[in-house]
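Colleague: Okay, here's the structure, questions in a sec.
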Protein chains: 2
Amino acid sequence: MTIGTELLLGHTIDTNAAELGRALGAAGVEIVRRTTVPDRPKAIADAVRAALERTGFVLATGGLGPTKDDMTKKVVADLFGKALYLDEGLLKALEARFKRLGRGPMPAINRNQAEVPEGATVLPNPRGSAPGLWIEDAGRVVILLPGVPSEMRGLLIEEVLPRIVARQAKDGGTRVVRSRTLRTTGVSESALAERVGPLEEALAPLSLAYLPSVEGVDLRLTAWSVVPEEADRLLASGGDRLKKELGDHYYGEEETLLAATVIDILKSKSKTVAVAESCTGGMVGARLTAIPGASAVFVGGVVGYDDNVKREQLGVPSEVLEQHGAVSEESARAMAAGAARVFKTSCAIAVTGVAGPGGGTPEKPVGTVWLAVLVDGNTTAVKRTFPGSREEIRARSAQTALDLLRRRFLPGHPSR
Amino acid sequence: MTIGTELLLGHTIDTNAAELGRALGAAGVEIVRRTTVPDRPKAIADAVRAALERTGFVLATGGLGPTKDDMTKKVVADLFGKALYLDEGLLKALEARFKRLGRGPMPAINRNQAEVPEGATVLPNPRGSAPGLWIEDAGRVVILLPGVPSEMRGLLIEEVLPRIVARQAKDGGTRVVRSRTLRTTGVSESALAERVGPLEEALAPLSLAYLPSVEGVDLRLTAWSVVPEEADRLLASGGDRLKKELGDHYYGEEETLLAATVIDILKSKSKTVAVAESCTGGMVGARLTAIPGASAVFVGGVVGYDDNVKREQLGVPSEVLEQHGAVSEESARAMAAGAARVFKTSCAIAVTGVAGPGGGTPEKPVGTVWLAVLVDGNTTAVKRTFPGSREEIRARSAQTALDLLRRRFLPGHPSR
């Protein structure tokens, strides 16, 4: 549960929730529901009560500060029928903290942060003034953590996860939730589903999720509530089976960027690469250079936004621009050849298109993009019509350009 | 309600929830609870049922895709006791979409996206294959939107908010939560707080939030639960007062990108610009060309990752590279001059630095970046040492480069 009116108003994006999801999943805790409530006693009480009825185990962040709108502790103590008492040790530590940070004597308002529900375990918070609390009674557990992300994270790792893991060990071995993500690009979600769908039953008990974005479709396999060795075994065999089915569309796992895959391939083949970009305006170069060590293969690029640049810097012939236009197969091919020549590289990528919102014509509507890839003097070019906003069209163009270069090095590519 | 196992696992950060909070708050809707559930029929059904009991009005995103893990529509139709029927109009539109995007015939798996619960209003989604649905019966409303953020946003603005506002107007008058955001860059949060702090009381009843990021610090004023005219009046006067205090650090409002501000300035001064990038690898060009209409001022760029490119394409003298290195004031100045000469522009931006993680030295540690800006033959250069990861250093470099060009056109700039 995440507590805070600012979360519901959307002024704060709830990154704590995602972080808790990852950390608890890795420790084998399955989260069955997440609830966000405003800083109102009744809303907090109703939600904690319902959550306790569902699972008996609630982790809540937020509402532990010193100000009036922070009321989580009192509400949860009431739910458990416990009074709050002033913890003298906590009070001394709080006062010492204010002194150490040179903030002068502690304001009276902070005293209530040293109040603790009877029987609760205090989880010390060296990063802030609100400690965490572990409240447990009659088989029901509520853990309260501060909402400040760095404080929440510290308490989670140092205090909460060790207790959860120890508890699971007592219950006889730890069960975990683990995932493996396989990344694809250049193929639609529905085309993937047609390929992969027949496999879904064989993958059980792993669950399979499709996660589409402008970069492509990620496939996530998850093993739920099994011992770690079993999770790893299931994900290894199920993932490998799935990977085989994905074929050439697969380019990496987990957080791997396509640009990193491309750079690894070019390194292994001792190639170098240059880029010639029009509608992407530098995005392909930016993606390649985002990867540490890109300098081993990436030499440079020309952003040819103006046609004169395409002519003068990249040597695209005036006749090509006049006869076919800047967004054409001929231009894309000439741009790639120009980049390879100017930068003396063995590979080159060229992108030219209509990103919109203006500039579309009946023959070349917004979203029309020509992409060319040169490898050792041999150029392939493709046309795509991308949907979406200017930003999406540009992002899809950059991703597709990198993907075309990647595919040139696949064993079965027609250019081989 | 946001639906998706990946949200609970924390693999996806729930930005839709924040966006819905902001949009609905601005339309005067108070969100009393947010719930996230996994892609499991029982979990979805339980949560929707409980939410309907609380308020009678539920907006849910996610789980409308074509694959097996997308089951929201079926579950909600069952809750309302409605059957699903195949909407022939939707089916035709879907098939046309596949054709238009050149993806060949629509896979059979997508047919279920044209299924609609009896009596539901279809909210057309021109950005994707899953339409939104407005299901209303016996005073209970469930709105279903796709989880893809751009599709969710489009449907929210074009279909959902107008219906909600019309409904409120019928109920007689509205109180709203409205915000105004002022954007700054090139100044630290604490320096801003010293400037702005004394103003906070005078700004009441508006609340003031500091939102720092690698792009700069946004300041958000919010008016709470007042009638629309009062909110607008408070935000106009309070915002203008705050803006005055921000001085030269202010560059725009709301979602305005610094690149858009720079392009507006260059347009109004009839200037043109080119870029020469090393460590940013194309990011400055990408940011400028992200703005529709950039072509009026942006001519092109050279990504000079390799020193040979700096020499050959930008004319940086070999002596400069040998004596001072590629990351130096002299190199940055020569790169800017080279870009202006090659692209025949009145303005140029150059960036050269050590983005890390490798490549740092005691004299030039990771994070050292030289930036140069040329306007009408007059070049200014500055050195920065940025903290953070490779990605952060590059993002700060690109933002600072644009900001330096912006500041050159301020009335009080020393170069005037």
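Colleague: Pick from A:Val327, A:Val316: which is within 37 Å of the chain's Cα centre (by Cα) and either aromatic (Phe, Trp, Tyr) or within 14 Å of chain B (Cβ to nearest Cβ) (or both)?
Modeller: Result of the check over A:Val327, A:Val316: A:Val327.
Colleague: When residues of the stretch A:85-118 are filtered for being within 15 Å of A:Asp70 (Cα to Cα) and at pLDDT below 90, how many remain?
Modeller: 5
Conditions tested, residue by residue: (1) of a type in the set (Lys, Arg); (2) on the phi < 0 side of the Ramachandran plot.
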site: B:Arg33; (1), (2): yes, yes
site: B:Ala43; (1), (2): no, yes
site: B:Gly63; (1), (2): no, no
site: B:Thr72; (1), (2): no, yes
site: B:Asp78; (1), (2): no, yes
site: B:Lys92; (1), (2): yes, yes
site: B:Glu95; (1), (2): no, yes
site: B:Arg100; (1), (2): yes, yes
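Colleague: Can you name the condition, by its number, that B:Pro362 falls short on among (1) closer than 13 Å to B:Val275 by Cβ; (2) assigned to a loop (DSSP other than H, G, I, E, B); (3) not polar (S, T, N, Q)?
Modeller: So B:Pro362 meets the others, but not (1).
Colleague: Can you name the residue in the stretch A:158-186 that is surrounded by fewer than 21 Cβ atoms within 10 Å (Cβ to Cβ) and closer than 12 Å to A:Gly132 by Cα and is also nearest to the chain's Cα centre (by Cα) among such residues?
Modeller: A:Glu158
Colleague: To continue, here is another question. For the stretch A:385-399, name all the residues that are free of Cβ contacts under 8 Å to residues at least 60 places away in the same chain, farther than 11 Å from B:Leu101 by Cβ and not acidic (Asp, Glu).
Modeller: Within the stretch A:385-399, A:Ser389, A:Arg390 qualify.
Colleague: What are the residues in the stretch A:297-312 that are more than 7 Å from every other protein chain (Cβ to nearest Cβ) and not aliphatic (A, V, I, L, M), if any?
Modeller: A:Asp307, A:Asn308, A:Lys310, A:Arg311, A:Glu312, listed by residue number.
Colleague: Does at least one position in the stretch A:316-323 carry a residue that is within 24 Å of B:Val273 (Cβ to Cβ), in contact with a Lys or Arg (Cβ under 7 Å, 6 or more places away or on another chain) and free of Cβ contacts under 8 Å to residues at least 60 places away in the same chain?
Modeller: Yes, the stretch A:316-323 has at least one match.
Colleague: Still on this structure, please answer the following. Please tell me if B:Asp264 is exposed (fewer than 14 other Cβ atoms within 10 Å of the Cβ), out of contact with any Pro (no Cβ under 8 Å at 6 or more places or on another chain) and on the phi < 0 side of the Ramachandran plot.
Modeller: Considered against the rule, which asks whether it is exposed (fewer than 14 other Cβ atoms within 10 Å of the Cβ), out of contact with any Pro (no Cβ under 8 Å at 6 or more places or on another chain) and on the phi < 0 side of the Ramachandran plot, B:Asp264 comes out as no.
Here's the yes/no breakdown for (1) over 17 Å from B:Thr400 (Cβ atoms); (2) at pLDDT 95 or above; (3) in contact with a strand residue (DSSP E or B) (Cβ under 9 Å, 6 or more places away or on another chain):
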{"position": "B:Glu254", "(1), (2), (3)": "yes, no, yes"}
{"position": "B:Thr261", "(1), (2), (3)": "no, yes, yes"}
{"position": "B:Thr272", "(1), (2), (3)": "yes, yes, yes"}
{"position": "B:Glu277", "(1), (2), (3)": "no, yes, yes"}
{"position": "B:Asp306", "(1), (2), (3)": "yes, no, yes"}
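Colleague: Give the number of residues within the stretch A:7-20 that are at the interface with chain B (Cβ under 8 Å from one of its Cβ atoms), of a type outside the set (Ser, Thr, Tyr) and in a helix (DSSP H, G or I).
Modeller: 7
Colleague: Every residue in the stretch B:98-144 that is among the polar types (S, T, N, Q) and either surrounded by 19 or more Cβ atoms within 10 Å (Cβ to Cβ) or touching a residue at least 24 places away in the same chain (Cβ under 8 Å) (or both), please.
Modeller: B:Asn110, B:Asn112, B:Gln113, B:Asn125, B:Ser129
Colleague: Can you name every residue in the stretch A:270-296 that is facing chain B (nearest Cβ under 7 Å), under 14 Å from A:Ala259 (Cβ atoms) and small (Gly, Ala, Ser)?
Modeller: Those that are facing chain B (nearest Cβ under 7 Å), under 14 Å from A:Ala259 (Cβ atoms) and small (Gly, Ala, Ser): A:Gly282, A:Gly285, A:Ala286, A:Ala290, A:Ser295.
Colleague: Right, here's the next one. Take the residues in the stretch B:379-393 that are among the aliphatic types (A, V, I, L, M) and touching a helix residue (DSSP H, G or I) at 6+ places or on another chain (Cβ under 8 Å); name whichever of them is surrounded by the fewest Cβ atoms within 10 Å (Cβ to Cβ).
Modeller: For the stretch B:379-393, the residue satisfying everything is B:Val382.
Colleague: So B:Arg49 fits all but one of (1) over 30 Å from B:Arg180 (Cβ atoms); (2) within 8 Å of chain A (Cβ to nearest Cβ); (3) of a type in the set (D, E, K, R); what number is the exception?
Modeller: Answer for B:Arg49: the failing condition is (2).
Colleague: So how many residues does the stretch A:21-31 have that are surrounded by fewer than 17 Cβ atoms within 10 Å (Cβ to Cβ) and at the interface with chain B (Cβ under 7 Å from one of its Cβ atoms)?
Modeller: So the answer is 1.
Colleague: Please go through (1) closer than 24 Å to A:Lys170 by Cβ; (2) among the β-branched types (Val, Ile, Thr); (3) touching an Asp or Glu at 6+ places or on another chain (Cβ under 8 Å) for A:Thr36 and return the number of the only condition it doesn't satisfy.
Modeller: (1)
Colleague: Between A:Thr61, A:Thr36, A:Thr2, which is among the polar types (S, T, N, Q), crowded, with 16+ Cβ neighbours inside 10 Å and more than 10 Å from chain B (Cβ to nearest Cβ)?
Modeller: A:Thr61
Colleague: For the stretch B:341-352, does any single residue satisfy the condition of being out of contact with any strand residue (DSSP E or B) (no Cβ under 6 Å at 6 or more places or on another chain), touching a residue at least 24 places away in the same chain (Cβ under 8 Å) and assigned to a helix (DSSP H, G or I)?
Modeller: Yes.
Colleague: Filter the stretch B:89-116 down to the residues that are in contact with a helix residue (DSSP H, G or I) (Cβ under 9 Å, 6 or more places away or on another chain) and of a type in the set (A, V, I, L, M) and list them by number.
Modeller: Hits for the stretch B:89-116 are B:Leu90, B:Leu91, B:Ala93, B:Leu94, B:Met106, B:Ala108, B:Ile109, B:Ala114, B:Val116.
Colleague: Could you list, in sequence order, the residues of the stretch A:69-84 that are surrounded by 15 or more Cβ atoms within 10 Å (Cβ to Cβ) and at pLDDT below 90?
Modeller: A:Asp70, A:Met71
Colleague: Do you know which residues across the stretch B:365-409 are part of a loop (DSSP other than H, G, I, E, B), under 26 Å from the mean Cα position of the chain (by Cα), on the phi < 0 side of the Ramachandran plot and of a type outside the set (S, T, N, Q)?
Modeller: Listed by number, the residues that qualify are B:Phe386, B:Pro387, B:Phe409.
Colleague: State all residues of the stretch A:148-180 that are in contact with a strand residue (DSSP E or B) (Cβ under 8 Å, 6 or more places away or on another chain) and within 22 Å of B:Glu6 (Cβ to Cβ); if no residue qualifies, say none.
Modeller: A:Met152, A:Leu156, A:Arg175, A:Val176, A:Val177, A:Arg178, A:Ser179, A:Arg180
Colleague: Kindly indicate the residue of the stretch A:330-340 that is touching a residue at least 60 places away in the same chain (Cβ under 8 Å) and under 20 Å from B:Val299 (Cα atoms) and also nearest to the other protein chains (Cβ to nearest Cβ) among those meeting that condition.
Modeller: Restricting to residues being touching a residue at least 60 places away in the same chain (Cβ under 8 Å) and under 20 Å from B:Val299 (Cα atoms), the top hit is A:Ala339.
Colleague: So, one more: Looking at the stretch A:172-198, I want the residues that are farther than 22 Å from A:Arg233 by Cα and have a partner that is among the β-branched types (Val, Ile, Thr) and at pLDDT below 90 with Cβ atoms under 7 Å, at least 6 apart or on another chain. Which pairs are those?
Modeller: Final answer for the pair search is A:Glu189/B:Thr67; A:Ser190/B:Ile109; A:Ala193/B:Thr67; A:Ala193/B:Ile109; A:Glu194/B:Ile109.
Colleague: Which condition number in (1) among the charged types (D, E, K, R); (2) under 23 Å from B:Pro38 (Cα atoms); (3) part of a helix (DSSP H, G or I) is the one that A:Arg178 fails?
Modeller: (3)
The values are calculated or read from the model by the stated rules, or taken from the named source; none is laboratory data. Nothing here was measured: the structure is a model prediction, and the numbers come from that model. FYI the Cβ positions are ideal-geometry reconstructions off the backbone, even for glycines, and counts take in every protein chain you see.
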